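**Q** There's a structure below that I have some questions on.
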Amino acid sequence: MKFQWTLLLGLAFALIVAVFAVINVDPVTVNYLFGESEWPLILVILGSVLMGGLIVGSVGLFRMFVLQREVKTLKKRNNSLEAQLAQEDTIKKETAHEQQIEDIH
């Protein structure tokens, strides 16, 4: 359900940006480090939104990659601790069983 709301909000945002960009079609001067040029404002707006989306998406992918690595290491650690605990339980059971045999004799 959360994904559906996210998708709907994303589509609504895209629609608002598209309408805003279509309304603003006047040419504007864009200054670069090495010069300047005239661009329609619609391209500047859409380019800015696209670059912002790419930056946010790449940061999100990086964070997801880091979290997946952390989950992988924690799963390995959990499995090793579970194996160690199972081994200790086996040793305790064997010791208790040997003591019962000694108590019987």
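**Q** List the pairs whose first member sits in the range 48-67 and is at pLDDT 95 or above, whose second member is in a helix (DSSP H, G or I), and whose Cβ atoms are under 8 Å apart, counting only residues at least 6 apart or on separate chains?
**A** none
**Q** Need the failing condition index for GLU38 against (1) modelled with pLDDT of 85 or more; (2) outside any strand (DSSP E or B), just the number.
**A** Among (1) modelled with pLDDT of 85 or more; (2) outside any strand (DSSP E or B), the lone unmet condition for GLU38 is (2).
The values are calculated or read from the model by the stated rules, or taken from the named source; none is laboratory data. As the structure is a prediction and not an experimental result, all values here were calculated from the model. Glycine gets a Cβ as well: all are built from the backbone with ideal geometry, and neighbour counts include every protein chain shown.
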